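> Input: one structure, supplied below.
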Amino acid sequence: MENLLEIKDLYVNYETDESVVHALNGFTLNVKKGETLGLVGETGAGKTTMCLSVLRLLPEGVSKVEGGSIQYDGKDVLSMNKSELRQMRGAQISMIFQDPMTSLNPVMRVGDQIKEVLSLHNPELSDKQKDERVDDILKLVGISPDRKDQFPHQFSGGMKQRVVIAMALVAEPQLLLADEPTTALDVTIQAQILALMKQLKEKFDSSMILITHDLGIVAEFCDSVAIVYAGEVIETGSIEQVFERTKNHPYTEGLFNCIPDLTSHAARLTPIPGYMADPTNLPTGCKFADRCGRCIDKCRQAAPEMVEVDPGHFVKCNQMEKGGSGL
Amino acid sequence: MSEVLIETRNLKKYFPHKLGQVHAVDDVSLRICAGQTLGVVGESGCGKSTLGRAIIRLHQPTSGEVLYKGENILNLKGRDWRRVQTQMQMIFQDPYSSLNPRMSVKQLITEPLRVNHVAANKAELEERVRSTMELCGLPDRYDNVYPHEMDGGRRQRVGLARALALNPEFIVCDEPVSALDVSIQAQILNLLMDLQESRNLSYMFITHDLCVVRHISHQIMVMYMGQVVEYAPTDEIFENHAHPYTAALLSAIPTTDLSRRNRERVVLKGEVSNPINPKPGCRFAPRCPYASEKCNEPQNLTEIAPNHFVACHECAKQAGG
Ligand SMILES: Nc1ncnc2c1ncn2[C@@H]1O[C@H](COP(=O)(O)OP(=O)(O)OP(=O)(O)O)[C@@H](O)[C@H]1O
Ligand SMILES: Nc1ncnc2c1ncn2[C@@H]1O[C@H](COP(=O)(O)OP(=O)(O)O)[C@@H](O)[C@H]1O
Ligand SMILES: [Mg+2]
Ligand SMILES: [Mg+2]
């Protein structure tokens, strides 16, 4: 299958008064046409930064792309000019931001905000048709159209999130970057919304990157998964390969171990010990070394290479063997 | 049985809307004992945050009572109210807009302490700030960092630190871990549970994550469109739940177990919820697979097993006979 998005060896820094934050450090990721990829990683791992880089929306002045490339549909994103960018952002890629208020205008009625997106994408529609589409999409995300004249602050957290999802979906994008789109939703509405996203995705054969920290959602909803740690992808593969839990990166294993289990009654959860490496002062070797129960000398000396442990299943760990059994 | 710390009686909060009233919280009665956690779950928009805010008077309730150690606090004023107010804190759902963007982490955590004059002198203030930050996993290199420079997890820790700084007895935790990845979530949940044990804290814990709610709660309250539909001890909810909405909720939990990927699920269909001037009957009825004529009548919370309450005539009938 063809890749719609190819991110290669991307380096992005944020420069603050006091220090330089290394947010992405050799980030490599491919997304195929029609694929739903789950992107999982600790807060601060660089997931949002990756999305902002793809859209060229990194905050100006403080952030800098230090190296690497981004190809969208065969075009080099990093060298696009303003009008190409506008075209790409408007017509091809939509993003659902983690914080709904990034996309919502606090002083505009929610219905009007959705309508505005529609007007941009379907200028041919009459006013009445647009109103109908707004009502339809609101119903699909579980909000009564009676409420479209209200303002964002009159909506609950999850309702705002659903409005943002509605805005992203009416644009019918080729690539949807969804940054934790359902964290504020209960599981029944979440299931409804994910099904809706899947439907639209199939209809337009579009692709999606679904950022989430809910491994259950990844397992049930995505085709493949990439695990991010300290600004790089440390494991990627199909859902089956990663969730089989036979050959995982020690960090991925740690993630599995800290989910509260519905069936167990353990009093305490087992978080991964320690904190993520300080992004202003990254170690030379493996960035997970300090927290890893299996760290050996080699791990502190040089950063590990990606190893293809099974066809299509890659793990960035010194202790993995090519095509072999790992540990 | 330990002492009841927080109680609400027929609490209501309505918001005006041009077509009528949004019944955000509609007749909720609950009790939280000292040292215990009440988990609150329910559909997005069903009124959980509004309930939490009404209890600590961030919203003035439309009617009903909120009791703190048996005393109705809705009409307390001045010094009396401030005394109770510092005992009740909230960690907000939205770590983005609940922090003043112009304050650094250290200022944010110092502020509630200073406003409430809890430290005798500068050194003590400094010490309280330091220990609270440490407790919440915020090393001193964050002192001069501003909210927008932090990722969601750290921002949430700041929110937590602000709530804990005052050493309250009761905290409304409004989705405190939803924005966090599983590892940090586990750290924060462990922290909350340790604090509960050492300080006998009580929580009202709002979340959409049913694994988390099971892990942390003693009792669980399931809400649907402003009302309580089921209320029971945690194990009872998971093992013997009765209300059809609770069943739908539990069956929709995503799981990492690949063998359950294509399991049977109760998928909710039908009309979307509209809390504006709802009809008197069961509010879940339009989407309920078992709905009948009788659901058009008001449903009362009925005790179908010890401490297990359900607002559904059908469930009550089945339990009764
Ligand atoms: N300030 C407000 N003005 C008007 N309506 C409001 C206001 N705050 C909340 N509401 C309405 O009250 C209802 C309940 O909202 P609330 O925020 O309590 O929901 P919630 O259960 O916390 O949802 P979520 O899980 O999505 O956060 C919603 O219909 C919401 O639109
Ligand atoms: N505007 C900014 N200024 C300074 N640092 C930032 C900024 N935005 C993000 N960062 C830092 O970049 C790193 C990656 O953040 P982010 O991409 O938001 O992670 P994620 O989305 O995976 O939680 C973090 O260390 C974060 O603190
Ligand atoms: Mg993020
Ligand atoms: Mg809420």
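> Scan the stretch A:48-73 and report the pairs whose first residue is within 23 Å of A:Leu176 (Cα to Cα) and whose second residue is modelled with pLDDT of 95 or more and surrounded by fewer than 16 Cβ atoms within 10 Å (Cβ to Cβ), with Cβ atoms within less than 6 Å and a gap of 6+ or a chain change.
From residues that are within 23 Å of A:Leu176 (Cα to Cα), the pairs are A:Gly68/A:Lys8; A:Gly68/A:Asp9; A:Ser69/A:Lys8; A:Ile70/A:Leu78.
> Within the bounds of the stretch B:161-174, is there any residue that is more than 30 Å from B:Leu67 (Cβ to Cβ) and modelled with pLDDT of 85 or more?
First pass over the stretch B:161-174, keeping only residues more than 30 Å from B:Leu67 (Cβ to Cβ): none.
The answer is no, given that none of the residues of the stretch B:161-174 is more than 30 Å from B:Leu67 (Cβ to Cβ) and modelled with pLDDT of 85 or more.
> Next up: Is it the case that A:Asp278 is closer than 11 Å to A:Ala230 by Cα and open to solvent by 30 Å² or more (accessible area, probe 1.4 Å)?
Numbers: closer than 11 Å to A:Ala230 by Cα: yes; open to solvent by 30 Å² or more (accessible area, probe 1.4 Å): yes.
Answer is yes for this residue.
> Could you tell me whether the stretch B:164-180 includes any residue that is assigned to a helix (DSSP H, G or I), out of contact with any Lys or Arg (no Cβ under 8 Å at 6 or more places or on another chain) and away from ligand 3 (no atom under 16 Å from the Cβ)? So that I can check it myself, show each step before the final result.
From the stretch B:164-180, those assigned to a helix (DSSP H, G or I) are B:164-165; that's our starting set.
From the residues that got through so far, the ones that are out of contact with any Lys or Arg (no Cβ under 8 Å at 6 or more places or on another chain) too are B:164.
Retained after the next criterion (residues that are away from ligand 3 (no atom under 16 Å from the Cβ)): B:164.
Scanning the stretch B:164-180, I find at least one residue that is assigned to a helix (DSSP H, G or I), out of contact with any Lys or Arg (no Cβ under 8 Å at 6 or more places or on another chain) and away from ligand 3 (no atom under 16 Å from the Cβ), so the answer is yes.
> Follow-up question, since we're still on this one. Starting from residues that are away from chain A (no Cβ under 13 Å) and within 25 Å of B:Glu3 (Cα to Cα), keep the ones in the stretch B:42-62 and report whichever is surrounded by the most Cβ atoms within 10 Å (Cβ to Cβ).
Step one: list which residues in the stretch B:42-62 are away from chain A (no Cβ under 13 Å), which gives B:54-58, B:60-62.
If we keep only those that are within 25 Å of B:Glu3 (Cα to Cα) too, we end up with B:54-58, B:61.
Values: B:Ala54: 25, B:Ile55: 27, B:Ile56: 22, B:Arg57: 16, B:Leu58: 14, B:Pro61: 22.
Going through the qualifying residues, I end up with B:Ile55.
> Would you be able to tell me the number of residues in the stretch A:197-216 that are assigned to a helix (DSSP H, G or I) and open to solvent by 10 Å² or more (accessible area, probe 1.4 Å)?
Kept after step one, since they are assigned to a helix (DSSP H, G or I), are these residues of the stretch A:197-216: A:197-204, A:215-216.
The next check asks that each one be open to solvent by 10 Å² or more (accessible area, probe 1.4 Å); those that pass are A:198-204.
The total comes to 7.
> Now for a different question. Could we say that B:Val105 is open to solvent by less than 20 Å² (accessible area, probe 1.4 Å) and either within 14 Å of chain A (Cβ to nearest Cβ) or free of Cβ contacts under 8 Å to residues at least 12 places away in the same chain (or both) here? Walk me through how you get there before you give the answer.
Values: open to solvent by less than 20 Å² (accessible area, probe 1.4 Å): yes; either within 14 Å of chain A (Cβ to nearest Cβ) or free of Cβ contacts under 8 Å to residues at least 12 places away in the same chain (or both): yes.
Spelling it out, B:Val105 is indeed open to solvent by less than 20 Å² (accessible area, probe 1.4 Å) and either within 14 Å of chain A (Cβ to nearest Cβ) or free of Cβ contacts under 8 Å to residues at least 12 places away in the same chain (or both).
> Please verify whether A:Pro173 is part of a loop (DSSP other than H, G, I, E, B), away from ligand 4 (no atom under 16 Å from the Cβ), open to solvent by 50 Å² or more (accessible area, probe 1.4 Å) and away from chain B (no Cβ under 14 Å), treating the condition exactly as stated. If you could, list the steps in order and put the result at the bottom.
On the way: part of a loop (DSSP other than H, G, I, E, B): yes; away from ligand 4 (no atom under 16 Å from the Cβ): yes; open to solvent by 50 Å² or more (accessible area, probe 1.4 Å): no; away from chain B (no Cβ under 14 Å): yes.
Considered against the rule, which asks whether it is part of a loop (DSSP other than H, G, I, E, B), away from ligand 4 (no atom under 16 Å from the Cβ), open to solvent by 50 Å² or more (accessible area, probe 1.4 Å) and away from chain B (no Cβ under 14 Å), A:Pro173 comes out as no.
> Has the stretch B:197-219 got any residue that is more than 14 Å from chain A (Cβ to nearest Cβ) and aromatic (Phe, Trp, Tyr)?
Yes, the conditions are met somewhere in the stretch B:197-219.
> Would you be able to say whether some residue in the stretch B:192-215 is assigned to a loop (DSSP other than H, G, I, E, B) and without any contact (Cβ under 8 Å) to a residue 60 or more places away in the chain? Before the answer, list the steps.
Just the residues of the stretch B:192-215 that are assigned to a loop (DSSP other than H, G, I, E, B), to begin with: B:200-201, B:207-209.
Remaining after also requiring without any contact (Cβ under 8 Å) to a residue 60 or more places away in the chain: B:209.
Looking for residues that are assigned to a loop (DSSP other than H, G, I, E, B) and without any contact (Cβ under 8 Å) to a residue 60 or more places away in the chain, one finds at least one in the stretch B:192-215, hence yes.
> Under 17 Å from the mean Cα position of the chain (by Cα), closer than 25 Å to B:Ile32 by Cα and within 9 Å of chain A (Cβ to nearest Cβ) - does that describe any residue in the stretch B:149-165?
For the stretch B:149-165, residues under 17 Å from the mean Cα position of the chain (by Cα), closer than 25 Å to B:Ile32 by Cα and within 9 Å of chain A (Cβ to nearest Cβ): present.
> Do we have any residue at all in the stretch A:120-134 that's more than 9 Å from every other protein chain (Cβ to nearest Cβ), in contact with a helix residue (DSSP H, G or I) (Cβ under 8 Å, 6 or more places away or on another chain) and farther than 24 Å from A:Gln174 by Cβ?
Looking only at the stretch A:120-134, we keep the residues that are more than 9 Å from every other protein chain (Cβ to nearest Cβ), and these are A:120-134.
Restricting the remaining residues to those that are in contact with a helix residue (DSSP H, G or I) (Cβ under 8 Å, 6 or more places away or on another chain) gives A:120-122, A:125, A:130-131, A:133-134.
After this cut, where a residue has to be farther than 24 Å from A:Gln174 by Cβ as well, the list is A:131.
The answer is yes; a qualifying residue exists.
The values are calculated or read from the model by the stated rules, or taken from the named source; none is laboratory data. Treat the numbers as computed from the prediction; the structure is a model and nothing was measured. Cβ coordinates were reconstructed from backbone atoms using ideal geometry, including for glycine residues, and neighbour counts include every protein chain displayed. Just the protein is used for accessible areas: all its heavy atoms, side chains included, with ligands, DNA and RNA removed. Shrake-Rupley method; radii C 1.70, N 1.55, O 1.52, S 1.80 Å.
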